[in-house]
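Here is the structure we will look at, set down as structure tokens.
Read-outs: derived from the displayed coordinates by stated rules, not from any lab. Small disclaimer: the values here were computed from a predicted structure and weren't measured. Here the Cβ positions follow ideal geometry from the backbone for every residue, glycine too, while neighbour counts run over all protein chains shown.
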Amino acid sequence: MRIAFCHPDLGLGGAERLIVDAATELASSGQEVDVWTAFHDRGRCFAETVDGPFSVTVAGSWFPRSIGSRLTALCAYIRCTLVAISLAWSAWRRSRTYDIIFVDQVSVVIPVLRLLTGAQILFYCHYPDYLLAGKRGRLHTAYRAPLNWLEETTTGQAHCILVNSCFTQGIFKQAFQRLDARGLQPQVLHPAIQLPPTDTLVPVGQPLPGPSSPDNPFDADLHAWLAESPLIFLSINRFERKKNVGLAVHALHALLSSLPRPSGDASSTQLSRARLVLAGGYDSRLAENREHFAELQGLVQELHLQGQVRLVPSCTDAQKWALLRACTAVLYTPEGEHFGIVPLEAMACCRPVVAVASGGPLETVVSGQTGYLCPPRSAEFAEAMALLAAPKTARQMGQKAREHVEARFSRKAFGTRLLGIMQGLDAERQKKLTQRNRKKAA
């Protein structure tokens, strides 16, 4: 099959990781795959988008992402429509007909692609966009009203709709009531990850590679800081307020504040040396990234945690995996997260996860076995962190976490299921073409 992906911004987020995984698995199975996007920075992207088994084409990047830091959604719709038109024009000019086009995030391009390409359109709904936008007053409500109507209407025009979790499936039903009244129910296709080879896994508590080791992607200062502590907690999220990263900072403060002072107890001494790394995607073009990063720096100073918290913006893929191998456990703080790929990445590296008990983590983290699910409160997070301070506990949970991910969330299983769905769509397309040709012949 010839398959195209139409995606708005090929950066370093969870949605982009899913696109890269899907494109890689489909190409590896022998399909011809092209990815089209409005933005791709070769210096800040997943490695597969530079040297992977599929092409990446940028179109529509000349149109602004926002106008006066406003109208972001409208601009995204226009940019992605320009991508869709370019995709269709290129396919026509090169006589390269696509069988399936995979669309995500921006559904407005679906009728455009149906009209201009004749391909079967598969839409992957990470989460309804209008729910992400929220409500900000009457003017914003009036601005969003036609966009919200357009989102539901165009989503319903896809030949197949997938969602990333049972949680999102339920939200989809509530959010798109007109589609639900039509009996339209999306299928669940959980995102997945490429499992690190077992010979690269590092037991909890093992020393970091030396500062000059090729396996060490950190600068000397960060490497030394990490090496000083036997207990490192890690948060990986984009620097956005909705990710609730401040909860991790407050949890560390609650953990340290609960310790008896002074104490010669070994476990208390270990906890007193606990450190927290806040790593993740940081895009200097986005005002919220800049503002929230500064807010977190201010929170660290306010709680007097400068020596025990480090912020690592624009974390590279190599740094992320090295941090996962270096940490004791991962703190996952978003509330109502649609799915969340970070808990899977942590568990694949044999690291237990402490996550908010809502949304996607309810489907990925087995509380008490592969980590802990907690209310979004610092005290409960701190209690779970204290339990994981025991290396034996962290190692045992980490091993169960790895087995859990291997069984349910491998990228190979994801790719096989996606390919089966696409083959069904292609068979349907071929059937319609045959019927049309018979009518013409008659």
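Looking at the square roots a ≥ b ≥ c of the eigenvalues of the Cα gyration tensor of the stretch 198-408, which shape do they give, rounded for a/c under 1.5, prolate if a/b is larger than b/c, or oblate? It is rounded, given that a/c, with a ≥ b ≥ c, falls under 1.5. Taking Leu305, Leu231, Leu87 as the candidate residues, the one with maximal mean-square fluctuation in a Gaussian network model of the chain, Cα springs under 10 Å, is Leu305. Between Arg408, Arg238, Arg70, the residue with the greatest mean-square fluctuation in the GNM of the chain (Cα pairs under 10 Å linked by springs) is Arg70. Note on the chain: dipole from Cβ charges, positive end direction compared against Pro191, Met422, Ala181; the farthest Cα belongs to Ala181. In loop segments of the stretch 153-194 as defined by DSSP, the trypsin sites (Lys or Arg not before Pro) with at most 15 further C-beta atoms inside 10 Å of their C-beta are Arg182. With each label modelled as a point 7 angstrom along the Cα→C-beta vector, the Thr393-Ser257 pair spans 2.1 nm.
Give me the net charge of Arg310's neighbourhood, meaning all other residues with Cβ under 13 Å from the Cβ of Arg310; Lys, Arg count +1, Asp, Glu -1.
Net charge in that neighbourhood comes out at -2.
Positive end of the dipole of the stretch 119-174 (Cβ unit charges, origin at the Cα centre): among Ala158, Gly134, Ala119, the Cα lying farthest that way belongs to Gly134. In this simple spin-label model, placing a label point 7 Å from the Cα along the Cα-to-Cβ direction at both Asp199 and Lys242 gives a separation of 4.2 nm.
Taking the number of Cβ atoms within 10 Å of each Cβ as an exposure proxy, the fewest-first ranking of Asp426, Asp34 is Asp426, Asp34.
If we count every other residue with Cβ under 12 angstrom of Glu228's Cβ, Lys/Arg +1 and Asp/Glu -1, where does the sum land?
The answer is +2.
Charge dipole of the stretch 193-328 (Cα centre as origin; +1 on each Lys and Arg Cβ, -1 on each Asp and Glu Cβ, all else neutral): 260 debye, rounded to the nearest 20. Computed about its Cα centre, the charge dipole of the chain is approximately 1520 debye, with only Lys, Arg, Asp and Glu carrying charge at their Cβ. Calculated mean residue ellipticity at 222 nm for the chain: -15000 deg cm²/dmol, from DSSP H runs with n ≥ 4 weighted as -39500 (n - 2.57), summed, divided by the residue count and rounded to 500. For the stretch 353-399 versus the stretch 289-350, the spacing of their alpha-carbon centroids is 15 Å.
What net charge is computed for the residues neighbouring Gly118, neighbours being all others with C-beta under 11 Å from the C-beta of Gly118, Lys and Arg scored +1, Asp and Glu -1?
+3
According to the square roots a ≥ b ≥ c of the eigenvalues of the Cα gyration tensor, what is the shape class of the stretch 116-176, taking rounded for a/c under 1.5, prolate for a/b larger than b/c otherwise, and oblate for the remainder? In terms of gyration-tensor shape, oblate.
Across the stretch 155-165, coupling constants 3J(HN,Hα) worked out from phi with the 6.51/-1.76/1.60 Karplus curve, θ = phi - 60°, read 4, x, 8, 6, 6, 8, 10, 10, 10, 8, 6 Hz, and Gly and Pro carry x. Dipole of the chain computed with +1 at Lys/Arg Cβ and -1 at Asp/Glu Cβ about the Cα centre; of Gly11, Ser367, Trp149, farthest Cα towards the positive end is Trp149. If you run the Gaussian network model on the chain, springs between alpha carbon atoms under 10 Å, then out of Ile421, Ile100, Ile19 the most flexible one is Ile421. From the square roots a ≥ b ≥ c of the eigenvalues of the alpha-carbon gyration tensor of the stretch 1-126, which class results: rounded (a/c under 1.5), prolate (a/b over b/c), or oblate? Since a/c reaches 1.5 but b/c is at least a/b, the shape of the stretch 1-126 is classed as oblate. Note that the stretch 350-364 has calculated 3J(HN,Hα) couplings of 6, 10, x, 10, 9, 10, 5, 7, 7, x, x, x, 4, 9, 10 Hz, one per residue in order, obtained from phi through the Karplus relation 6.51 cos²θ - 1.76 cosθ + 1.60 (θ = phi - 60°); glycine and proline are x. A crude spin-label estimate for the pair Arg408 and Gln187, with each label 7 Å from Cα along the Cβ direction, gives 2.0 nm.
Only Lys, Arg, Asp and Glu carry charge here, each on its Cβ (+1 for the first two, -1 for the last two); on that basis the stretch 256-383 has a dipole of about 500 debye about its Cα centre. When the listed pairs Lys243/Lys400; Lys242/Lys320; Lys173/Lys439; Lys412/Lys440; Lys135/Lys400 are checked against a 30 Å cut-off, the alpha-carbon distance exceeds it for Lys173/Lys439; Lys412/Lys440; Lys135/Lys400. The distance from the alpha carbon centre of the stretch 23-67 to that of the stretch 179-194 is 24 Å, rounded to a whole number.
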